[in-house]
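Down below is the structure, laid out as structure tokens.
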Amino acid sequence: FLETAAYFCMKPKMGEKEVSPHSFFSIWHEFSSDFKEFWKKENKLILQERVKEAEEVCRQKKGKSLYNIRPKHDSGIVSKKYSHI
């Protein structure tokens, strides 16, 4: 524990000789709680962006027709009958 506290540069409070587990873990708990909240908010924002992108892709695909319509060419008997007129 003391090596871990030293790694994070924790110093004992006034009047104490060494860092107590209570003081170390109270700070660690605050940090991890804040980190968890920021993590949730960031994931929520990323999810909202992905949903917007997916909706935009769907709108673009719906805007395009699924099939191509070609103009009708006169190639039947009636068009040949009246082509010389």
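The values are calculated or read from the model by the stated rules, or taken from the named source; none is laboratory data. Keep in mind that this is a model prediction, so the values were computed, not measured. Glycine also receives a Cβ, built like all others from the backbone with ideal geometry; neighbour counts cover every protein chain displayed. Side chains are part of the model used for accessible areas, which takes the heavy atoms of the whole protein and leaves out ligands, DNA and RNA. Shrake-Rupley method; radii C 1.70, N 1.55, O 1.52, S 1.80 Å.
Tabulated data
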| read-out | value |
| --- | --- |
| Cleavage-rule hits (trypsin sites (Lys or Arg not before Pro)) in the stretch 1-67: DSSP loop, at most 12 neighbouring Cβ within 10 angstrom | 13, 17, 64 |
| Rounded accessible area per residue of the stretch 11-52, 1.4 Å, Å² | 99 |
| Rounded to the nearest 10 Å², the accessible area of residue 20 at probe 1.4 Å | 30 |
| Point-charge dipole on Cβ atoms (K/R +1, D/E -1) for the stretch 22-68, about Cα centre, debye to 20 | 460 |
| For the stretch 22-68, convex hull of alpha carbons as volume per residue, Å³ | 40 |
| Stretch gain in nm, segment residue 45-residue 17, where the contour uses 0.36 nm per residue and the Cα spacing is subtracted | 5.6 nm |
